[in-house]
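Please treat every number below as a calculation from the coordinates, not as lab data. Not measured: the values here are computed from a predicted model. Every residue, glycine as well, gets a Cβ built from its backbone with ideal geometry; the counts of neighbours run over all protein chains shown.
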Amino acid sequence: MLTVKNLSKSYENHRILKGVNLSICKGEVHGVVGENGAGKTTLFKCISGLEYYEGEVAYDGGILKNETGYLPTAPHFFSNMTGYEYLQLLCNARSVRVKDITEFNLFGLPLDQYAETYSTGMQKKLAITGLLLQKNEVFILDEPFNGVDISSNMIIKEILMKLKSLDKTIIMSSHDFSSLQDVCDFLHYLKDGLIKISLPRGSFDQIENEMKKEGPAVHIIDSIYTG
Amino acid sequence: MKYYFKLQYWRLRRSLINLGINPYIGIGFYLISFIGFSALIFKKISFSGYVYPAIALFLIYTFGEKDRNLFLKSIFPPVVYRRLRIFENLMAAVPFGIFLFFKGYYLIALLTLILSSFLSLYNTAGRPGFQIPSPFSKYPYEFTVGFRATWLFILAVYALAFISIYYHNLNLGLFSLLCLYLICLNFYSHLDPIFYVWVHAQSAKIFLKNKIRVALLYSFFLSLIISIPLIFFNLAETGMILLTIFIGSLYMVTGVIATYVNFPIEKSVSQSFQLFSGILIPPVLLFVIPNFYSQAISRLKVYLKC
């Protein structure tokens, strides 16, 4: 079980997270939604151990960092590094021995090409493949559907369902509400640095309605065009 | 266009402030360094009147980087974009032009300015459509990507080493060996994104040990192509050749540790000074390495808990 207790995070004087609480059991998929800048990425980085934070992140399965697969919104790839070498690097990092990485190329990526030259979606797929090859127990996925094509979107959903059936712990964010509805067991609405609403599957509409209420100020566009 | 140049000035100021340097002192230091560097070239290098403008034009050539120009083209109208590029190139070329003029190379100064304006018409083509094979793919990434970025320089250094053997010039051979190690050291000049450290399920000590091991092994492997023929043709000077390899290896160890000495931010001014002092005066490295090592371990421990 992964437990987040009273997690807070500030950048200089700006308080991003103000005491977030979450409990995620094995075999559950949790989604976090919120406006851009709500603190989703910061929350994920804190849970992963990529950022300092106040509060507590407890995990009863060992050293959380060493069993976590973190997918950033925009994974970084070094120039002149092929997709194959990226996967090799991730395997080496966790001392995972894979005889032939190309056998596990589930998205059919051109692994002999430089990862930096991949499209956004291909880069995301490569990063996901790397996390799977590492045999992680916990998956923290920041916008996994961002930039991927429709068929890959479906494959990612299938992967998530498979990981769920294998009792893996998954927490993810997405701006694609329908994808979250398809895969999540719980949905959390992050607003003003706090989890404002947490709901189980079947009642996600309440969060969607809440978010719609706080829609963008479209009337400003009128002002721009009318001068 | 005016705003663009103001923005570049603000960016320069901010990056100096981030390094803990007063912007006025930083810019002053840059100007003095430029004059010192220029004077050094004219004092030490033959045909400096041609080498100097070549350096200027090479620097200006980098402004034609593909992605940067795509961005500029996408935000500015074509006429403004062209004007901006010419102005930018001229701004970079003028200090070189003034120095050339001061040294009496009037025509070359004028040609440098004209060529720099013409270079604004040229943008780099971006990356080639093929992948360069790397012998270092088993343990990515520094040597894997570093080799691909510098293989031409490595070949040039090998050529220099073989010229040294042909002309029985051991000093040139040792110089090429050191150059090779400096090229390898450059592979470690970039700061890793936090993710690439965090992702390792290792303690800070093991992580650093593995990085040093790979760096020493791969750099030694590259150096064999120079050191074996050098020893073969200069058997009496084996000690000197081995000492050069040892100094090169010390450079490598320092380079790897220095990457993490202030992680996840860039090295401080004092740390950079220590590093450069060590490269210039290798015995200093014996003091720098332990100091850097303890600092790097404490920095890495934040992200590598085991």
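Using a simple charge model, +1 on the beta-carbon of Lys and Arg, -1 on the beta-carbon of Asp and Glu, nothing else, what dipole does the range B:1-135 show about its Cα centre, in debye to the nearest 20? Write down the numbers at each step before the final one.
Values: 15 positive and 3 negative charges, 57 e Å.
Around 280 debye, computed over the range B:1-135.
Would you mind finding the longest exposed-site-free stretch of chain B, with exposed trypsin sites (Lys or Arg not before Pro) meaning DSSP loop and at most 15 other Cβ atoms within 10 Å? Walk me through the numbers before you get to the answer.
Working: sites that count: B:LYS138, B:LYS305.
Between the exposed loop sites, the longest stretch runs B:139-304.
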For the protein assembly as shown, with the dipole built from +1 on Lys and Arg beta-carbon atoms and -1 on Asp and Glu ones, taken about the Cα centre, which of B:VAL214, B:TYR52, B:ILE21 lies farthest toward the positive end? B:TYR52
Can you find, among B:LEU185, B:SER294, B:LEU90, the residue farthest towards the positive end of the dipole of the protein assembly as shown? Put +1 on the C-beta of Lys and Arg, -1 on that of Asp and Glu. B:LEU90
How many angstrom lie between the C-alpha centres of the range A:70-110 and the range B:50-85? 35
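So how strong a dipole does the range B:162-272 carry about its Cα centre when Lys and Arg Cβ are +1 and Asp and Glu Cβ are -1, to the nearest 20 debye?
The dipole magnitude comes to about 280 debye.
Using the crude model of +1 on Lys and Arg Cβ and -1 on Asp and Glu Cβ, and no other charge, please compute the dipole size for the protein assembly as shown relative to its Cα centre, in debye to 20.
On the way: 48 positive and 35 negative charges, 245 e Å.
In debye, rounded to 20, the protein assembly as shown gives about 1180.
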Quantify how strongly other chains surround peptide A:80-93 by giving the mean number of their Cβ atoms within 10 Å of each of its Cβ atoms. 6
With each label point set 7 Å from Cα along the Cα-Cβ vector, what nm distance links A:SER119 and A:HIS219? 4.0
So which GluC sites (Glu not before Pro) in the range A:138-227 end up in coil per DSSP with only 16 or fewer other C-beta atoms within 10 Å? A:GLU214
Kindly put A:CYS184, B:CYS179 in sequence by how many other C-beta atoms sit within 10 Å of each C-beta, fewest to most. B:CYS179, A:CYS184
Two-decimal Rg to Rh for chain B - Kirkwood Rh, Cα set: 0.99
Can you give me the distance in nm between label points at B:ILE281 and B:LEU155, each placed 7 Å from the Cα along the Cα-to-Cβ direction? 4.0
Mind listing the long-range amide H neighbours of A:CYS184? Cut-off is under 5 Å, sequence gap 5 or more, other chains count too, H placed in the peptide plane at 1.01 Å from N. none
In sequence order, what are the phi-derived ³J(HN,Hα) couplings for the range B:298-303 according to the Karplus relation 6.51 cos²θ - 1.76 cosθ + 1.60 with θ = phi - 60°, rounded to whole Hz, with x for glycine and proline? 5, 5, 6, 4, 4, 9
Can you tell me how the range B:1-98 classifies by the Cα gyration tensor, rounded, prolate or oblate, using a/c under 1.5 as the rounded cut? oblate
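Residue separation times 0.36 nm, minus the C-alpha to C-alpha distance between B:TYR30 and B:MET1: what's the value?
Details: separation 29, 0.36 × 29 = 10.44 nm, distance 2.46 nm.
Gain on extension, B:TYR30 to B:MET1, equals 8.0 nm.
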Taking H as built 1.01 Å from N, whose amide H comes closer than 5 Å to the amide H of A:LYS191, not counting residues under 5 places away? A:LYS196
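Loop-only chymotrypsin sites (Phe, Trp or Tyr not before Pro) in the range B:165-214, please: DSSP not H, G, I, E or B, and at most 15 other Cβ atoms within 10 Å. Before the final figure, lay out each step's value.
Numbers: sites: B:TYR166, B:TYR167, B:PHE175, B:TYR181, B:PHE187, B:TYR188, B:PHE195, B:TYR196, B:TRP198, B:PHE207; in loops: B:TYR167, B:PHE187, B:TYR188.
Those satisfying the criteria are B:TYR167.
Of all the stretches in chain A, which is the longest one without any exposed loop site, taking trypsin sites (Lys or Arg not before Pro) in a DSSP loop (any state but H, G, I, E, B) with at most 11 other Cβ atoms within 10 Å?
Values: sites that count: A:ARG97, A:LYS99.
Between exposed loop sites, the widest span is A:100-227.
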Go ahead and run the numbers for FRET between A:ASP100 and B:ARG83, Cβ-Cβ distance against an R0 of 56 Å, rounding to 0.05. 0.55
CD proxy, 222 nm, chain B: helix-only mean residue ellipticity via -39,500 (n - 2.57) per DSSP H run with n ≥ 4, per residue, nearest 500, stands at -25500 deg cm²/dmol
Net +/- balance of residues flanking A:PHE186 in space, Cβ distance below 10 Å, scoring K and R +1, D and E -1: -1
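Assuming 0.36 nm per residue, please report the length gained on full extension of the stretch B:SER272 to B:LEU191 beyond their Cα-Cα distance. Please list the in-between numbers first.
Working: separation 81, 0.36 × 81 = 29.16 nm, distance 1.33 nm.
The B:SER272-B:LEU191 span can extend by a further 27.8 nm.
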Here the FRET efficiency for A:THR3 versus B:GLN8, based on Cβ atoms and R0 = 35 Å and rounded to 0.05, is 0.15
With n ≥ 4 as the cut-off for DSSP H runs, can you work out [θ] at 222 nm for chain A, using -39500 (n - 2.57) per run divided by the number of residues, rounded to the nearest 500? -9500 deg cm²/dmol
When the Karplus curve 6.51 cos²θ - 1.76 cosθ + 1.60 is applied with θ = phi - 60°, which whole-Hz ³J(HN,Hα) does each residue of the range A:58-63 get, with x for Gly and Pro? 10, 9, 9, x, x, 7
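Report the net charge of residues surrounding A:ARG201, where surrounding means a beta-carbon distance below 15 angstrom and charges are Lys +1, Arg +1, Asp -1, Glu -1.
On the way: positive: A:LYS157, A:LYS164; negative: A:GLU28, A:ASP182, A:ASP185, A:ASP205, A:GLU208.
Once all neighbours under 15 Å are counted, the net charge is -3.
As an exercise, identify the chymotrypsin sites (Phe, Trp or Tyr not before Pro) in the range A:100-139 lying in DSSP coil whose Cβ has no more than 14 other Cβ atoms within 10 Å.
Here no chymotrypsin sites (Phe, Trp or Tyr not before Pro) fit, given the DSSP loop and packing criteria.
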Between their Cα atoms, which of A:LYS40/A:LYS65; A:LYS26/A:LYS157; B:LYS138/B:LYS211; A:LYS164/A:LYS212 are more than 23 Å away from each other? A:LYS164/A:LYS212
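Tally Lys/Arg at +1 and Asp/Glu at -1 over every other residue whose Cβ is under 9 Å from the Cβ of A:GLU143; what's the total? Mind dumping the intermediate values first?
Numbers: positive: A:LYS40, A:LYS124; negative: A:ASP142, A:ASP176.
Summing Lys and Arg as +1 and Asp and Glu as -1 gives 0.
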